[in-house]
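This report concerns only the one structure given below.
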Amino acid sequence: MEAQDFSVVHKSVPLKDAHEKVTGHLQFPLDFAVPAMLYGRVLRSPHAHARIKRIDARKAEALPGVKAVLTYKDTPEREWFGLWLNYRGCVMDDTARFVGDEVAAVAAIDERTAEQALDLIEVDYEVLPHVLEAEDAMAADAPQIRADGNVRNPAVVEWGNCEKGFAEADIVVENKTRNYSQDQATMGRNAPIADWTQDKVTLWTGTTCPSELRDAVANLLDMAKSKVRIIALPTGPSLGKWWFNNIEMVAVLLARKAARPVKMMLTQKEVFADVKRRHAETTSGRMGVARDGTITSVHLEDVFENGAYGDKRDVYQSIPDLWTRIHNAKFEMRGISTNLVTSGCMRGVGDLTMNFGMEMLINKAAAALAMDPVEIRLKNAVRTGDALRTQRTLHALLAPDTPMPEAFTISSAAIDECLKKGADAINWRDKWKGWGQPTETNGATRRGVGVATGMHICGIRYGGQCGAVVKINSDGSVNLLVSLGRQGNGNDTTQCQIAAEELGVPYDRVSISCGDTDVTPWGQGSTASTSTHLSGTATKAAAADAKRQLLELAAKVFQAKPEDLDIKDGMIFSTANPEQRIPISDITDRHAPELWDVGQQPCIVGSAVTNVPIDPVAKHMAAHFTELEVDTDTGQVEIVKYVEAQDSGRLINPEVCENQLSGGYYQGLGFSLIEELVYDDDGKILNPNFENYKIWRCADLPDPELIFVEDADPVSPFGAKGLGEVPICVPPGAIAMAIYNATGVWMNETPMTPERILRALGKI
């Protein structure tokens, strides 16, 4: 179908939660409460690495208003895992591994009493040596943070023969990039509430993956999954921070001990310092290039700092695949444990940092050849139907017992169109003056242009299915049940659009329930750009199942075959005679007695799980262009113009998509230019608040120019792929190139602060 043929899809319909938001009725975790609720606070370690020699909570327990104190002596010895990015180990044990690690927790009648109780808990520590940098943690004599060592086995994607490719190259370039840690900088704070009713626990929390969290709680406590209920509360942007965290396990255990509901109250400082952050990473590489710009070989080694409990060690799913046309390549990724707060999911995890390293290699290769950077990318980037190299490794890692095709291919790729349209929008032909050549010079101010590309998965197909249920009620209204987080990114709206389009009903007749594990089917949740591609596929299939049942019943009324009927705007009609039409409610309500067996409810329920094929594989991609000015006296960077050209397939809701691209732009430029978590030598964070951790305001940057290349994807619902990750992954490469063209110096560290720019210029 063409875009103009849709009734609901490809329309900027109002967001489902818009009214609740603007009227102040939407309850975020801080707003939510249950009767008889206690307040929980956490005692955190002041040391980066320490063994608890003695902990005495008797004074705290004796304080009036205190109902329970939790220490490692009360927690299961079982380790719990939150998929591969959120390893924790035990909820608490006798060792603290970062400043802020959970040592004890208190439940009291109010926050003040809970805080007072924390001061009464006596802890004697044996302070242990600590290590904060990945490079130091790799040393043989480094303090060991995990029992199995600090260094994870490397994940490797390799094809061809790298050394052969380098030998065939006319030019070989080398580069090393370093990315410092970034915080999600969420404006909202999670505040999970746990409540036990006999042998069942209910947990209200701002998770983006309620099904996975339910499974993790059940595993920790060795309980049946039916005895654990997770209800996802709206979080505002999660950006990976609220996937799920140890604080939720603390809430569950503390509520059980207190025999009362407990709400864990996190301060803004705790959100910054103690929950989760982006990995710091170092990427080293070599690239061989022929004189015509063909990349003959690349070898990239990536080291990422996992913090105390992170477990990132798998293949980055997309960056190697963006350059799958390179005949010889090797990508190695290795995770390292340190005594810092856990590194975990943040928007574009892995692909952001590795992409910067890859883009800088391509920049240096093109510069060595004096080749236009747009042309070298057009020559080497992926095309529709190309083989995907990482998928075999990823398949073997996540689904080792399932069949694997001979080769994986990409279902659609319009990166060439993104490059061409983005170049036109920025007027690249006139602005580009050559490598290291400013577009304009005005005293100390120099202007330059840059380009970069990126790609990301549309959900991890092997991480688990996404289920959906569509219920058509007797009045013709529709309920959609799907497991998603509620992070304000429009997922609930787009899922309803998909269901409405497939069913042929008006958008406002569809309501959604998401994130209640007692109600919704199992789903991966809202991570890794899964919502549209994976959950949307399940939603579309469930709606198709419900529609099939409805038309089979309607056929009896029309005295026709089901295949000769269709639905539009809530009306069932004959395709041979469109004037012959009746509302859905005539089937589900008025004709119900004659169509259903006696005693059966007049309700139609359709269900499905994700049925996207293993191959071909959908991925979304983008090309970004920027023009910026650098003040060579101060090192300040000012963005003059920024263009995002995005291939996300067909857009379900254009306005939602525009907001996603704009948000990624601000975050990507934050990562590129200003955002950095800073720690002292003892592992204590120095900027745990919005006063000292700088993020862009809308007024600080010009609005980006957004270009959508709507290359409808053949394996995605209505041709729509993912969207959320790529917008943040691309900016660093484009910014670094533009700074080089303006000033003649390469920036290989993020953020590219004025201080670092001046240092590169030799002025400090």
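Report, by residue number, each residue of region 411-430 that is of a type outside the set (A, V, I, L, M) and in a helix (DSSP H, G or I).
Within region 411-430, 416, 417, 418, 420, 421, 422, 424, 428, 429, 430 meet the criteria.
I'd like to verify a number: residues in region 620-642 that are in contact (Cβ under 8 Å) with a residue 60 or more places away in the chain, outside any loop (DSSP other than H, G, I, E, B) and either among the small types (Gly, Ala, Ser) or surrounded by fewer than 22 Cβ atoms within 10 Å (Cβ to Cβ) (or both), how many?
Residues meeting the conditions: 7.
Inspect region 466-480 for any residue being polar (S, T, N, Q), in contact with a strand residue (DSSP E or B) (Cβ under 8 Å, 6 or more places away or on another chain), closer than 28 Å to residue 402 by Cβ and not in a strand (DSSP E or B) and give the result as yes or no. Explain how you work it out, then say what you get.
So the first thing to find is which residues in region 466-480 are polar (S, T, N, Q), and the list is 473-474, 477, 479.
The next check asks that each one be in contact with a strand residue (DSSP E or B) (Cβ under 8 Å, 6 or more places away or on another chain); those that pass are 473, 477, 479.
Remaining after also requiring closer than 28 Å to residue 402 by Cβ: none.
Among the residues of region 466-480, not one is polar (S, T, N, Q), in contact with a strand residue (DSSP E or B) (Cβ under 8 Å, 6 or more places away or on another chain), closer than 28 Å to residue 402 by Cβ and not in a strand (DSSP E or B), which makes the answer no.
Being within 22 Å of residue 193 (Cα to Cα), in contact with a helix residue (DSSP H, G or I) (Cβ under 6 Å, 6 or more places away or on another chain), outside the structural domain of residue 349 (by TED's automatic domain parsing) and aliphatic (A, V, I, L, M) is true for just one of 108, 104. Which residue is that?
None of the other options fit; the residue is 108.
Does region 733-759 hold any residues that are closer than 17 Å to residue 668 by Cβ and of a type in the set (Gly, Ala, Ser), and which are they?
Selection gives 733, 734, 736, 738.
Hand me the list of helices (runs of 4 or more DSSP H) wholly inside region 690-764 holding 1 or more residues that are polar (S, T, N, Q) and without any contact (Cβ under 8 Å) to a residue 12 or more places away in the chain.
Passing ranges: none, list empty.
Is at least one residue of region 83-100 assigned by TED's automatic domain parsing to the domain that holds residue 197, in a strand (DSSP E or B) and at pLDDT 95 or above? Lay out the reasoning, then the answer.
In the first step, residues of region 83-100 are kept if they are assigned by TED's automatic domain parsing to the domain that holds residue 197; the result is 83-100.
Add one more test, that the residue is in a strand (DSSP E or B), and what stays is 84, 89, 95-96.
If we keep only those that are at pLDDT 95 or above as well, we get 95-96.
Yes, there is a match, as at least one residue in region 83-100 is assigned by TED's automatic domain parsing to the domain that holds residue 197, in a strand (DSSP E or B) and at pLDDT 95 or above.
What number of residues within region 106-157 satisfy the criterion of being of a type outside the set (Gly, Ala, Ser) and not in a loop (DSSP other than H, G, I, E, B)?
20
Go through (1) in a helix (DSSP H, G or I); (2) at pLDDT below 95; (3) among the acidic types (Asp, Glu) and name the single condition residue 163 misses.
(2)
So which residues in region 248-286 are in contact with a helix residue (DSSP H, G or I) (Cβ under 9 Å, 6 or more places away or on another chain), under 21 Å from residue 183 (Cβ atoms) and crowded, with 23+ Cβ neighbours inside 10 Å?
248, 264, 274, 278, 279, 280, 281, 283, listed by residue number.
Residues of region 1-57 being surrounded by 17 or more Cβ atoms within 10 Å (Cβ to Cβ) and assigned to a strand (DSSP E or B), which ones?
Listed by number, the residues that qualify are 38, 39, 40, 41, 42, 43, 44, 50, 52, 55.
Quick one: what pairs do we get from region 336-360, first residue free of Cβ contacts under 8 Å to residues at least 60 places away in the same chain and assigned to a helix (DSSP H, G or I), second surrounded by fewer than 24 Cβ atoms within 10 Å (Cβ to Cβ) and among the acidic types (Asp, Glu), C-beta under 8 Å, 6+ apart or different chains?
That search, which allows pairs on different chains as well, returns nothing.
How about region 57-83: which of its residues are out of contact with any helix residue (DSSP H, G or I) (no Cβ under 7 Å at 6 or more places or on another chain) and either of a type in the set (Gly, Ala, Ser) or closer than 13 Å to residue 94 by Cα (or both)?
57, 62, 71, 72, 73, 77
Going through 381, 329, 365 one at a time, which residue ends up being touching a residue at least 24 places away in the same chain (Cβ under 8 Å) and either closer than 14 Å to residue 737 by Cβ or surrounded by fewer than 21 Cβ atoms within 10 Å (Cβ to Cβ) (or both)?
365
Can you confirm whether residue 370 is surrounded by fewer than 17 Cβ atoms within 10 Å (Cβ to Cβ) and within 22 Å of the chain's Cα centre (by Cα)?
When the stated conditions are applied, residue 370 does not pass them.
In this structure, is residue 744 in contact with a helix residue (DSSP H, G or I) (Cβ under 8 Å, 6 or more places away or on another chain) and within 30 Å of residue 364 (Cα to Cα)? Steps first, answer last, please.
Numbers: in contact with a helix residue (DSSP H, G or I) (Cβ under 8 Å, 6 or more places away or on another chain): no; within 30 Å of residue 364 (Cα to Cα): yes.
Considered against the rule, which asks whether it is in contact with a helix residue (DSSP H, G or I) (Cβ under 8 Å, 6 or more places away or on another chain) and within 30 Å of residue 364 (Cα to Cα), residue 744 comes out as no.
Could you tell me which residue of region 453-476 is farthest from residue 381 (Cα to Cα), considering only residues that are at pLDDT 95 or above and surrounded by fewer than 24 Cβ atoms within 10 Å (Cβ to Cβ)?
For region 453-476, the residue satisfying everything is 471.
Residues of region 24-53 being among the basic types (Lys, Arg) and farther than 19 Å from residue 93 by Cβ, which ones?
41
Here are some conditions: (1) touching a residue at least 60 places away in the same chain (Cβ under 8 Å); (2) in contact with a helix residue (DSSP H, G or I) (Cβ under 8 Å, 6 or more places away or on another chain). Residue 93 meets all but one. Which one does it not meet?
(1)
Can you pull out the residues in region 500-528 that are of a type in the set (Ser, Thr, Tyr) and in contact with a strand residue (DSSP E or B) (Cβ under 6 Å, 6 or more places away or on another chain)? So that I can check it myself, show each step before the final result.
Residues of region 500-528 of a type in the set (Ser, Thr, Tyr): 507, 511, 513, 517, 520, 526-527.
Within region 500-528, 511, 513, 517, 520 meet the criteria.
Is at least one residue of region 401-418 modelled with pLDDT of 95 or more, within 16 Å of residue 326 (Cβ to Cβ) and either crowded, with 22+ Cβ neighbours inside 10 Å or among the β-branched types (Val, Ile, Thr) (or both)?
yes
Could you figure out which of (1) over 20 Å from residue 182 (Cβ atoms); (2) acidic (Asp, Glu); (3) in contact with a helix residue (DSSP H, G or I) (Cβ under 8 Å, 6 or more places away or on another chain) isn't true of residue 222?
Every listed condition holds for residue 222 apart from (3).
For residues that are among the charged types (D, E, K, R) and crowded, with 21+ Cβ neighbours inside 10 Å, scanning just region 177-214, find the one that is modelled with the lowest pLDDT.
First pass over region 177-214, keeping only residues among the charged types (D, E, K, R): 178, 183, 189, 195, 199-200, 212, 214.
From the residues that got through so far, the ones that are crowded, with 21+ Cβ neighbours inside 10 Å too are 183, 195, 212, 214.
Values: 183: 93, 195: 98, 212: 89, 214: 94.
The qualifying residue modelled with the lowest pLDDT is 212.
If you take the residues in region 166-181 that are in a helix (DSSP H, G or I) and not small (Gly, Ala, Ser), which one is farthest from residue 669 (Cα to Cα)?
168
Mind counting the residues in region 361-397 that are part of a helix (DSSP H, G or I) and closer than 20 Å to residue 725 by Cα?
Looking only at that region, the number is 3.
The values are calculated or read from the model by the stated rules, or taken from the named source; none is laboratory data. Because the structure is a prediction, the values reported are computed rather than measured. Backbone-built Cβ (ideal geometry, glycine too); neighbour counts: all protein chains shown.
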